[in-house]
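Notes follow the structure.
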Amino acid sequence: MLVPAVVLAVSMLTALGLVGVLGKTASAAEHMELAAAQTRAMTPGAVLADPPSVSAGSDGNLAVTLEASKTRFELSGQQIWGQSYNGSFTAPTIRADPGQTLSITLHNRLNVATNLHFHGLHVSPSGASDNPSLCIPPGATFTYRLAIPADHPHGTYWYHSHAMSTECPKNDMAGMHNGHATTGMDPSGTTAPAPFTPGDVENQISAGLSGALVIGDNRAGLPEPLQNVDTHTLVLKDIQTDTSGAIVQNTKSTSIDSNAATTRLVNGQLKPVLSMRPGETQLWRLVNAGADIFYKLQLDGYQFTVIAEDGTAYPRSAVSGELLLPPGKRFDVLVTAGPAGTTSLRTLAYSNGPQGDSYPDTALMDLRITGNSQPARPAPADFAISGALPDLSAAPLAQRRSIELSEDPTAPNFFVNGRQFSMGNPTFDTPAKLGTIEEWTITNTSGEDHPFHMHSNAFQVASVNGTPALSPHRQDTVIVPHAANGTPGQVIIRQQFSDYPGLWMFHCHIAAHEDHGMMGFIQVNP
């Protein structure tokens, strides 16, 4: 749970006539009315619109320009102030193929520092690539260059601000050639540790700075009848607004509260409508691109056929009636329409622990099945998928490591192995070595779940709370369960360090927890 936004909630409820005494804490009923107020001016039921997309040019490579700026959006008929890439609350979907080079030029028109993280991509974490320590100050421009490996997994990824603070360091330890970006730790990882400074990731993602990124086309790995099905990208975000119509930010007088009422949107739309024909199968790319909250997805009366998680293919398909998406999680799923009628994609009521948040059951999107039936091409109950990465279960291990996630229940302080993140100060004394495989045991002593995310690499989950994983697929984000009855939650992962020396970062992907210290990194040597 985050620091309660008491001041904000009280001001909004007062404006609605729900609070008579300044300082009264909002009750559950008042939060429900607050949620209604947030959506009162919004109009549901429009046809689902996929985010705009950009893809490779005639030379086979991709040059994209993104402008991060304060923006007034129209979201389902309501005017809301936030921040955007290129003017849209749901940023453009970037599409590229393995083997291509992406040049992404970011213009920072904000009044604070920002940067980009290309979540899930297996690319270099150094230099002008997916380097989270880069800092683009207000008014500056920087060009990222991402060399996508020729064997990169096809699938769904995303990009977002990873601002480590609101201001850039005054020195330029990275020595970037164009002088527009600075960093607080050099590529060798030898920079002296700096004091912990809270980041600005929660503010910037909450305000709108995130979008989907698709590499290749993983339909090619499916059985032949399914290789040409229609696809939709469903980017899940939520908004909390204040009485001025602006998305809530953490300031001296207000704070984002992930446990408060919020309006959940699909591609920036309130409860849009997606139409399918009876018997039609589609591929849905599900992306939780929000800052803090979880989604427990259900398509009423249906099951999902899961083919990929976090951009990496399952070795075999899996069928599930529910999918749990913490912040940063993605699933690629097949859905086959039944007879004519209407059903709902919803996020079910869910709690991520006694110290965390509780979310209500909320309808997200209507699925309208209408029109002429087509020959059914349902996904088989079980089929092999090409493109899955090798199973690491029996691989020899170079090292075992332990990570403990903990927090101060009385203040917004979060820790990895007992300390808050510090630039230039690796979590482990012993570096990892390229070409080796390690096993990490991650424990959670707190009373809320923490989604653990690894940059630069997808890992394989071996077990959760002692229960072996059902599938040997890779993923880049896993929920580490909260402690129960005095016993910490535990996840064991295996990961292969390949291709890229440098600093590999990891953190809780609840943005507020990351901002307040639950982050670390490991030095990877050749």
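The values are calculated or read from the model by the stated rules, or taken from the named source; none is laboratory data. Bear in mind the structure is a predicted one, so any value in this text is a computation, not a measurement. Here the Cβ is made from the backbone with ideal geometry for all residues, glycine too, and neighbour counts use every protein chain on show. Please note that ligands, DNA and RNA were not included when accessible areas were found on the heavy atoms of the full protein model with its side chains. Shrake-Rupley method; radii C 1.70, N 1.55, O 1.52, S 1.80 Å.
With a cut-off of 11 Å between beta carbons, the residues surrounding Ala46 carry a summed charge of 0, where Lys and Arg count +1 and Asp and Glu -1. Against the criterion of solvent-accessible heavy-atom surface with a 1.4 angstrom probe, Asp357, Asp242 sort, most first, into Asp242, Asp357. The order of the peptides 443-456, 65-78 by mean Cβ neighbours within 10 Å, most packed first, is 443-456, 65-78. Among the protein heavy atoms, those of Arg346 account for about 50 Å² of accessible surface (1.4 Å probe, every chain in place). For the pair Phe428 and Arg316, the difference between a 0.36 nm per residue extended length and the Cα-Cα distance amounts to 36.8 nm. Taken along the Cα-to-beta-carbon direction at a fixed 7 Å, the label points for Val47 and Thr105 span 3.5 nm. Taking every DSSP beta bridge that has both residues in the range 207-328, what percent is antiparallel when rounded to the nearest 5? Counting only bridges with both partners in the range 207-328, antiparallel ones make up about 65 percent.
Taking all protein chains together and a 1.4 Å probe, the residues Thr467, Thr477 rank Thr467, Thr477 from largest to smallest accessible area. For the pair Asp408 and Ser69, label points projected 7 Å from Cα toward Cβ lie 4.0 nm apart. Sequence neighbours fewer than 8 away in the same chain don't count; with that in mind, list the aspartates and glutamates whose C-alpha is under 16 Å from Lys433. Straight-line reach from Lys433, under 16 Å: Asp499. Using a ≥ b ≥ c from the Cα gyration tensor of the range 453-498 (square roots of the eigenvalues), is it rounded, prolate or oblate, where a/c under 1.5 gives rounded and otherwise the larger of a/b and b/c decides, a/b for prolate? It is prolate, given that a/c is not under 1.5 and a/b is the larger ratio. If you sort Trp81, Trp158 by accessible surface, 1.4 Å probe, largest first, the order is Trp81, Trp158. Rounded, prolate or oblate: pick one for the range 435-526, where a ≥ b ≥ c are the square roots of the eigenvalues of its C-alpha gyration tensor, a/c under 1.5 means rounded, and failing that, prolate if a/b is larger than b/c, else oblate. Taking the square roots of the gyration eigenvalues as a ≥ b ≥ c, the range 435-526 is oblate. Sparse packing (at most 12 other Cβ atoms within 10 Å of the Cβ) combined with a DSSP loop state is found for none of the chymotrypsin sites (Phe, Trp or Tyr not before Pro) in the range 474-526.
Only helices enter this figure: runs of n ≥ 4 DSSP H residues, each worth -39500 (n - 2.57), summed and divided by the residues of the chain, yield -2000 deg cm²/dmol at 222 nm to the nearest 500.
Per-peptide packing, taken as the mean over residues of other Cβ atoms within 10 Å, places 134-147, 481-494 in the sequence 134-147, 481-494 from highest down.
Which of rounded, prolate, oblate describes the range 56-177, given a ≥ b ≥ c as roots of the alpha-carbon gyration tensor eigenvalues and a/c under 1.5 marking rounded, otherwise prolate only if a/b is larger than b/c? Taking the square roots of the gyration eigenvalues as a ≥ b ≥ c, the range 56-177 is oblate.
The figure for Val214 is an accessible area of roughly 0 square angstrom, using a 1.4 Å probe on the protein chains alone.
Straight-line reach from Lys296: taking Cα to Cα under 28 Å and skipping same-chain neighbours fewer than 8 places apart, the lysines in range are Lys237, Lys271, Lys329.
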